[in-house]
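The values are calculated or read from the model by the stated rules, or taken from the named source; none is laboratory data. Everything numeric here is computed off the predicted structure, so don't read it as measured data. For neighbour counting, all protein chains shown are included, and Cβ atoms are generated from backbone atoms with ideal geometry for every residue, glycine included.
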Amino acid sequence: MSRSVSELRKFVSPEIVFGAGCRHRVGHFASVFGASKVLIVSDPGVQAAGWVTDIEISLQEQGINYHIFTDVSPNPRVEEVMHGAEIYKLHSCTAIVAVGGGSPMDCAKAIGIVAAHGRSILEFEGVDTIRLPSPPLILIPTTAGTSADVSQFVIISNQQQRMKFSIVSKAVVPDVSLIDPETTLTMDPFLAACTGIDALVHAIEAFVSIGSGPLTDHHALEAMRLISGNLIEMIANPTDIVLREQIMLGSMQAGLAFSNAILGAVHAMSHSLGGYLDLPHGQCNATLIEHVVAFNFDSAPERFKIIAQTLGIDCRGLSPPQIRQHLIDYLVAFKRAVGFQDSLATYGVSVSDIPFLSRHAMVDPCILTNPRTSNQRDMEVVYGEAL
C-alpha cells in the first residue's frame with residue numbers, strides 16, 4: 001500500500017489546548033466567540049463527577065450566562081438531539097460547550113447542526129451534507145478514546161430502526177478542543193478500557209485505511225505506541241496523572257489520524273452492532289478487532305507489519321502469515337488484559353441477526369476506506385467468526 005506523497009490529502013483539526021487544568025479556560029474561549037449564552041451539553045454521570053461545575057465557574061467568571069442540558073444517553077439518540085436543539089433556541093443560546101465522553105460531544109455537534117438548519121438530524125446522514133455553519137463549539141472530553149473532540153464525525157442512534165448513522169463533515173470539527181487529562185480521573189476501569197480500545201482501533205484502522213497518507217500516518221503510529229504502552233498500566237494505577245496524560249495524548253493523536261484518513265470495517269460493523277444492541281462502542285470494537293485484522297491483513301501486509309512492529313512485536317525472519325498470527329495473538333492478549341474476552345454470542349447475537357447487521361455495516365461510510373474491498377457476504381463471514 002505504498003503511495004505517492006504527491007497524492008492530494010487534506011487535514012482538518014480544531015484549535016487544540018492540551019494539558020492539566022485547561023478546562024478552566026472555557027470561559028475565555030466562549031468570550032472570544034462573543035457568546036452571550038452558552039448551552040452546556042453533558043450527561044448525569046459527568047455532572048455528578050463535578051466537571052460541569054468547573055465549566056459553570058469559568059463561564060461565570062467571564063459574565064457569560066448558560067443553560068445545562070444533560071438528557072443524553074450513552075449512545076445519543078435522535079430525539080435527544082432534537083430536544084437539545086429546541087432548548088438551544090428556547091434559551092436564545094449563541095454557542096455550545098460539551099463536557100463529557102463521546103456521547104455528549106456527538107450530541108452537542110448534532111444539536112449545532114439542527115440549530116443552524118432547523119431540520120431533523122436524520123436529514124444529514126452521510127458525507128458533506130451540511131450547508132450552514134454551526135454555532136461556535138467548544139468540546140471538553142472526559143474520556144480518553146472517542147476523539148469526538150477532534151474529529152469530523154458525528155454518530156447518532158436511531159432507536160426506531162435500531163441502527164446508528166454517521167455524519168461526516170469538516171463542518172462538525174469543533175472550533176476549540178480543551179483536552180484536559182485531569183477530567184479522566186473519574187473514569188471507571190470499564191470505561192477506561194472501552195475508550196482505550198476504541199482509540200487503539202482508531203489508530204490501527206486509520207493507518208491501513210485507503211485514505212491514509214503522510215499527514216495521518218505519524219499520528220496513527222504514535223497513538224498506537226502511547227496506548228499499547230500505557231493503557232494496561234493506567235487501568236491498574238487510576239490516580240497516576242502522567243499515565244492519564246499519555247493515554248489522553250494517544251487518544252488525541254488517534255483522533256487526528258482517523259478524522260482525516262477515516263476508518264474501516266471494524267467501525268462500520270461496530271456502528272451497526274452498537275445501534276442494534278445499544279452496546280458501548282468500545283466494547284463492540286474489542287469484540288471485532290482481531291477478526292477484521294485477519295480479514296484485512298493480506299490487502300495491506302506491509303502496513304500491518306509496521307503496526308505489529310509499533311506494538312512491540314519482533315517481526316525479524318517472520319513470513320506474512322506468521323506476522324498476521326502474532327498480531328492477532330497480541331490484540332487478543334491485549335484486550336483480555338484490559339478485561340475484554342466476550343464473543344458476540346455473549347451479547348445475545350445469533351446467526352439470524354447477522355444479515356441485518358451486515359446490511360447496515362455495508363452502508364456505513366467507514367466501509368468505503370477499508371483496505372480490502374468488501375461485500376455483504378464478507379461482513380456476514382466476519383460477524384460469524386466473532387460469534
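Can you go through Ile204, Ile227 and tell me which one is out of contact with any Ser or Thr (no Cβ under 9 Å at 6 or more places or on another chain) and either part of a helix (DSSP H, G or I) or surrounded by fewer than 24 Cβ atoms within 10 Å (Cβ to Cβ) (or both)?
The conditions single out Ile204.
Given the structure, is Arg372 touching a helix residue (DSSP H, G or I) at 6+ places or on another chain (Cβ under 6 Å), in contact (Cβ under 8 Å) with a residue 40 or more places away in the chain and in a loop (DSSP other than H, G, I, E, B)? When the stated conditions are applied, Arg372 passes them.
Within segment 283-302, the residues that satisfy the criterion of being out of contact with any Leu (no Cβ under 8 Å at 6 or more places or on another chain) and either charged (D, E, K, R) or in a helix (DSSP H, G or I) (or both) are Gln283, Asn285, Ala286, His291, Val292, Ala294, Phe295, Asn296, Asp298, Ser299, Pro301, Glu302.
Quick check on Ala192: is it surrounded by fewer than 24 Cβ atoms within 10 Å (Cβ to Cβ), of a type in the set (Gly, Ala, Ser) and modelled with pLDDT of 95 or more? It is true that Ala192 is surrounded by fewer than 24 Cβ atoms within 10 Å (Cβ to Cβ), of a type in the set (Gly, Ala, Ser) and modelled with pLDDT of 95 or more. If you go through segment 289-348 and pick out every residue that is among the charged types (D, E, K, R) and under 17 Å from Ala203 (Cα atoms), you end up with 5.
Say we look at segment 285-311 and pick out the residues that are of a type in the set (Val, Ile, Thr) and either more than 22 Å from the chain's Cα centre (by Cα) or within 17 Å of Cys366 (Cα to Cα) (or both); which of these is surrounded by the most Cβ atoms within 10 Å (Cβ to Cβ)?
To start, the set of residues in segment 285-311 that are of a type in the set (Val, Ile, Thr) comprises 287, 289, 292-293, 306-307, 310.
The next check asks that each one be either more than 22 Å from the chain's Cα centre (by Cα) or within 17 Å of Cys366 (Cα to Cα) (or both); those that pass are 289, 292-293, 306.
Numbers: Ile289: 24, Val292: 28, Val293: 24, Ile306: 18.
Among those that are of a type in the set (Val, Ile, Thr) and either more than 22 Å from the chain's Cα centre (by Cα) or within 17 Å of Cys366 (Cα to Cα) (or both), it is Val292.
One residue is enough: does segment 158-167 have a residue meeting the conditions buried (at least 24 other Cβ atoms within 10 Å of the Cβ), polar (S, T, N, Q), in contact with a Leu (Cβ under 9 Å, 6 or more places away or on another chain) and not assigned by TED's automatic domain parsing to the domain that holds Phe297? No, segment 158-167 contains no residue that is buried (at least 24 other Cβ atoms within 10 Å of the Cβ), polar (S, T, N, Q), in contact with a Leu (Cβ under 9 Å, 6 or more places away or on another chain) and not assigned by TED's automatic domain parsing to the domain that holds Phe297.
Screening Lys335, Lys305 for residues that are among the charged types (D, E, K, R), in contact with a Cys (Cβ under 7 Å, 6 or more places away or on another chain) and assigned to a helix (DSSP H, G or I) leaves exactly one candidate, Lys305. If the condition is being buried (at least 17 other Cβ atoms within 10 Å of the Cβ) and among the β-branched types (Val, Ile, Thr), then segment 365-387 contributes Ile367, Thr369, Val382. Of the residues making up segment 341-364, just one is in contact (Cβ under 8 Å) with a residue 60 or more places away in the chain and loosely packed, with under 13 Cβ neighbours inside 10 Å, namely Gly348. Residue pairs whose Cβ atoms lie under 6 Å apart, sitting 6 or more positions apart in sequence or on different chains, and linking a residue in segment 298-311 that is more than 18 Å from Ala223 (Cβ to Cβ) to a partner that is not in a helix (DSSP H, G or I), are Ser299/Pro371; Ser299/Arg372.
Those residues that are more than 28 Å from Thr184 (Cα to Cα) and surrounded by 19 or more Cβ atoms within 10 Å (Cβ to Cβ), I need them from segment 95-127; list them, please. First the steps, then the outcome.
Step one: filter segment 95-127 for residues more than 28 Å from Thr184 (Cα to Cα), giving 114-127.
Answer for segment 95-127, where residues must be more than 28 Å from Thr184 (Cα to Cα) and surrounded by 19 or more Cβ atoms within 10 Å (Cβ to Cβ): Val114, Ala115, Ile121, Phe124.
Could you tell me whether segment 7-25 includes any residue that is over 29 Å from Pro214 (Cβ atoms) and β-branched (Val, Ile, Thr)? No, there is no match, as no residue in segment 7-25 is over 29 Å from Pro214 (Cβ atoms) and β-branched (Val, Ile, Thr).
Would segment 267-280 turn up any residue that is acidic (Asp, Glu), assigned to a loop (DSSP other than H, G, I, E, B) and within 24 Å of Ala361 (Cβ to Cβ)?
Yes.
Thr195 fulfils the conditions (1) among the polar types (S, T, N, Q); (2) outside any helix (DSSP H, G or I); (3) not assigned by TED's automatic domain parsing to the domain that holds Ser58 except for a single criterion, (2). Criterion applied to Leu263, Leu215 was being of a type in the set (A, V, I, L, M, F, W, C) and part of a loop (DSSP other than H, G, I, E, B), and the one residue passing it is Leu263.
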